[in-house]
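Engineer: Structure in structure tokens, see below.
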Amino acid sequence: MKAKHQRLILVIVALAALIGAGLLAASALKDEAAYFYAPNDVRTKGVEPGKAIRLGGMVVKGSIKRASDGVTIHFDVTDGKATVPASFKGITPDLFREGSGVVAEGAFDKSGIFQATNLLAKHDERYMPRELQGMKYDEKTHKMKADR
Amino acid sequence: MNQWAFVVGAYALTFFATGLISALSWRAMRVSEGRARQVADRS
Amino acid sequence: MHRFANPARFLQIARPLTGWLFWSGLLLLLIGSGCGLFLTPADYLQGDTVRILYIHVPAAWLGMAGWSGIAIAALMQLVWRHPLAAVAGRAIAVPGALFTAICLLTGSIWGRPTWGTWWEWDGRMTSMLVLFFLYLGYIALAHASARQGSGGVSPVAAIFGLVGAVNIPIINRSVVWWNSLHQGPSITLRGSSIDTTLLWPLGLTLLGFTLLFGGIVLMRMRAILAHNKIEARMQRLARG
């Protein structure tokens, strides 16, 4: 075997081992590296009240309600599997709206309501002009189609 | 919040940095190649 | 492959190619940016800030493609002892780091009006920041080997370049594996979830920035090769 081939095999074996180790480590970090809890994670794993976490999901359509003091809002966060009630006092980001993504920082209170101290808006991977707003996105064809 | 302020800021930063690296790389190439020619002529 | 290993033959191709790559890239990216700034409609949700996409995505691509280039060059250097590969790796390092920084900074500027934050430690942002630090480490190693007199990078730097490539698939998958603030991939093998009216200038800026990057890398390779020539000549003269 030529020295060149020996070097090639050595490098490939070393690289495969390294990439394997890296990917293993990354997937082992799956839970720790998660930036936020989804409502379903909260339900299955359980988060004790008072523990500071981030809660992420979609703001349920029609769930935003403004309290009588004018600055506190109540809304529901869902990931399609579970829904969690949340409340926040303060100015919401521009992109915080119903049917859109949100990441809330805060903690659950004893009654199971998530008390958010900070809200971040999360948007999905869709980009489209305003004229197409209200049209449905077709997962299969990746095209917009009119809502009927 | 004015959205265009963010857009202009991002573009200005990108063009400035791209222009800078282009100019520096171009100059480094010209200087090195010029000196290489000089050295080759001398001997 | 070894046909291009000869620096003289490489330079014959690289000399005319440098200008072509650079100027056509600059033209394309200026046209693409102009279209992205003034011709495309605003996004339904984000409004005009979506225009940062046309520079943020090419910068991210170049940051990752740059390190892939370093890793391929390292492989060719270590296995085939390709003399130009070591030079290529060193030439890619600084522009690669710069575009990674541009990606991080434009992302930060984009994050403030859309997400409501300049920076969050989510998977995508953290892994991209790690890439930037990898570049800094590689530049330091390449700098040290250059001072020891070789024109390219040392085998140690090349091994570092190979090992660091592990981070590239992690960056790519970070938004899929982990819950992240950064949205998932818009452009996949199945198509694009960016509407065509918003998408087309991205093709121009992507190609433009890539050609320009190629031009810059060629400039830096030519500078290193010329420098090597001077060093070799000086050593010969010193020996008499």
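The values are calculated or read from the model by the stated rules, or taken from the named source; none is laboratory data. Bear in mind the structure is a predicted one, so any value in this text is a computation, not a measurement. Because the Cβ atoms are built from the backbone with ideal geometry, glycine has one as well, and the counts that use them run over all protein chains shown. Heavy atoms of the whole protein, side chains included, go into the accessibility calculation; ligands, DNA and RNA do not. Shrake-Rupley method; radii C 1.70, N 1.55, O 1.52, S 1.80 Å.
Engineer: Quick check for you: with a 1.4 Å probe and neighbouring chains kept, what is the accessible area per residue of chain C, in Å²?
Structural biologist: I get 42 Å² per residue for this part.
Engineer: Provide the three semi-axes, in whole Å and in decreasing order, of the ellipsoid equivalent to the protein assembly as shown as defined by the square roots of 5 times the Cα gyration tensor eigenvalues.
Structural biologist: Gyration-tensor ellipsoid for the protein assembly as shown: 48, 25, 18 Å.
Engineer: Can you pull the mean other chain C-beta count within 10 Å for peptide C:163-170?
Structural biologist: Mean inter-chain Cβ contacts per residue within 10 Å come to 4.
Engineer: Right, something else. For the protein assembly as shown, give the magnitude of the charge dipole about the Cα centre (Cβ charges: +1 Lys/Arg, -1 Asp/Glu; no others), in debye to the nearest 20.
Structural biologist: In debye, rounded to 20, the protein assembly as shown gives about 2100.
Engineer: Return the value, in Å² to the nearest 100, of accessible area buried between chains C and A (probe 1.4 Å, both sides summed).
Structural biologist: Interface area, both chains combined: 4000 Å², rounded to the nearest 100.
Engineer: For every other residue with a beta carbon closer than 12 angstrom to the beta carbon of C:L237, add +1 if it is Lys or Arg and -1 if Asp or Glu, then tell me the sum.
Structural biologist: Net charge around C:L237: +3.
Engineer: Using only the alpha-carbon atoms, what does chain C span along each of its principal axes? Please give whole angstrom values in decreasing order.
Structural biologist: Sorted from largest, the Cα extents of chain C read 72, 35, 30 Å.
Engineer: So which of A:K65/A:K89; A:K51/A:K122; A:K45/A:K110 end up more than 19 Å apart, counting from Cα to Cα?
Structural biologist: A:K51/A:K122
Engineer: Take the Cβ-Cβ distance between B:V31 and A:A52 as r, set R0 to 60 Å, and report the resulting FRET efficiency rounded to the nearest 0.05.
Structural biologist: Efficiency computed from Cβ-Cβ geometry: 0.60.
Engineer: Same structure, new question: Just to confirm a number: summing +1 for Lys and Arg and -1 for Asp and Glu over residues other than C:R15 whose beta-carbon lies under 12 angstrom from that of C:R15, what do you get?
Structural biologist: With Lys, Arg at +1 and Asp, Glu at -1, the net is +1.
Engineer: Less than 12 Å Cβ to Cβ from A:A107, Lys/Arg counted +1 and Asp/Glu -1: what total charge do the surrounding residues give?
Structural biologist: 0
Engineer: Additional query: In whole Å and largest first, what semi-axes does the C-alpha gyration tensor of region A:39-122 yield when each eigenvalue is scaled by 5 and square-rooted?
Structural biologist: Semi-axes, largest first: 18, 15, 11 Å.
Engineer: Rolling a 1.4 angstrom probe over the protein heavy atoms, how many square angstrom per residue are accessible across region A:39-122?
Structural biologist: Accessible area per residue: 51 Å².
Engineer: Would you mind classifying region C:1-94 by shape? Square roots of the alpha carbon gyration tensor eigenvalues, ordered a ≥ b ≥ c; an a/c under 1.5 is rounded, otherwise it is prolate if a/b is larger than b/c and oblate if not.
Structural biologist: Oblate.
Engineer: Report the residues of region C:22-66 in range of a label on B:W4: point 7 Å along Cα→C-beta, backbone N strictly under 20 Å from it.
Structural biologist: Taking a point 7 Å out along Cα→Cβ of B:W4, the residues of region C:22-66 whose backbone N falls under 20 Å are C:31-55.
Engineer: Grab the beta carbon distance between A:A17 and C:R190, set R0 = 22 Å, and tell me the FRET efficiency rounded to 0.05.
Structural biologist: FRET efficiency, A:A17 to C:R190: 0.10.
Engineer: Would you work out which of A:G20, A:P93, A:A82 lies farthest towards the positive end of the dipole of chain A, given +1 charges on the beta-carbon of Lys and Arg and -1 on that of Asp and Glu, about the Cα centre?
Structural biologist: Result: A:G20, furthest along the dipole toward the positive end.
Engineer: Can you tell me the 0 to 90 degree angle between the C-alpha axis of helix A:3-28 and the longest principal axis of chain A, rounded to 10?
Structural biologist: The answer is roughly 20 degrees.
Engineer: When the Cα centres of region A:69-126 and region A:1-58 are compared, how far apart do they sit, in Å?
Structural biologist: Between the Cα centre of region A:69-126 and that of region A:1-58, the gap is 27 Å.
Engineer: Would you report the distance distribution of C-alpha pairs in chain B as whole percents per 10 angstrom bin, up to the bin with the largest distance?
Structural biologist: 25, 26, 19, 15, 10, 5, 1
Engineer: Return the carbon/sulfur percentage of the accessible area of the protein assembly as shown, one whole number, probe 1.4 Å, all protein chains in place.
Structural biologist: Ligands and nucleic acids excluded, carbon and sulfur give 64 percent.
Engineer: Before anything else, pin down the relative contact order of chain C: Cα pairs under 8 Å, at least 6 apart, normalised by residue count, whole percent.
Structural biologist: Once normalised by length, the contact order is 35 percent.
Engineer: Same structure again: Where in chain C are the helices, taken as whole DSSP H runs, whose Cα atoms extend 18 angstrom or more along the long axis and whose Kyte-Doolittle mean reaches at least -0.5?
Structural biologist: C:7-38, C:53-80, C:83-114, C:123-147, C:196-239
Engineer: For region C:172-240 and region C:111-149, what is the separation of their Cα centres, given in Å?
Structural biologist: 15
Engineer: Could you compute how much accessible area chains C and B hide from each other, both sides summed, with a 1.4 Å probe? Nearest 100 Å² is fine.
Structural biologist: For chain C against chain B, roughly 2900 Å² becomes buried.
Engineer: What residues does region C:101-127 have that are buried by at least 40 Å² of accessible area in the full protein assembly compared to the chain on its own, 1.4 angstrom probe?
Structural biologist: C:I102, C:I109, C:P113, C:T114, C:W115, C:E120
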